[in-house]
1. Residue under question is Leu71, and the condition is that it be over 11 Å from the mean Cα position of the chain (by Cα), crowded, with 17+ Cβ neighbours inside 10 Å and without any contact (Cβ under 8 Å) to a residue 24 or more places away in the chain; does it hold?
2. Looking only at residues that are polar (S, T, N, Q), under 23 Å from Ala47 (Cα atoms) and without any contact (Cβ under 8 Å) to a residue 60 or more places away in the chain in the range 78-107, which one is surrounded by the most Cβ atoms within 10 Å (Cβ to Cβ)?
Amino acid sequence: MLKWILSVITLIFTLGVGFIYPHTTAPLAFDQNEPSIILESNSTVDANACRKAIKLLTQYERLAESQHVKLSPSRIAELNRLREEGKIKSSDLPGSLQSEFPGQFVGMTLEKIREICGKQK
């Protein structure tokens, strides 16, 4: 039993802390064919994470509707205003969309994510 516990602990540390706290570390391994983006802190971010974060912050109305989440007209207007200013964050989104948001971008504005990912408006 002790041997099994030690092997599980070794596996967790082999996978890295990102396995337990994915929002605090960059991925440890990535496909060489998949483009990645270098963050200012010298960690890499998967281009798919960039695309997903930008998609969630710009297409929230359609995505919420597809998940049968109803947004009031005033909430949509507020989200649209934040989006146009580039100030929208994952915390502004409905809960179902927040749960899909890539952890490394939580708390960042759309403007900052586009800057990091090299995307223009």
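Readers should treat all values here as calculations from the given coordinates under stated rules, not as data from a laboratory. The structure displayed is predicted, hence computed values, not measured ones. Reconstructed Cβ throughout: ideal geometry from the backbone, glycine too, with neighbour counts over all protein chains shown.
1. No, not satisfied.
2. Taking the range 78-107 first, the residues polar (S, T, N, Q) are 80, 90-91, 96, 98-99, 104.
Subset that is under 23 Å from Ala47 (Cα atoms): 90-91, 96, 98-99, 104.
Checking which are without any contact (Cβ under 8 Å) to a residue 60 or more places away in the chain leaves us with 90-91, 96, 98-99.
Working: Ser90: 22, Ser91: 9, Ser96: 12, Gln98: 14, Ser99: 9.
Out of the qualifying residues, it is Ser90.
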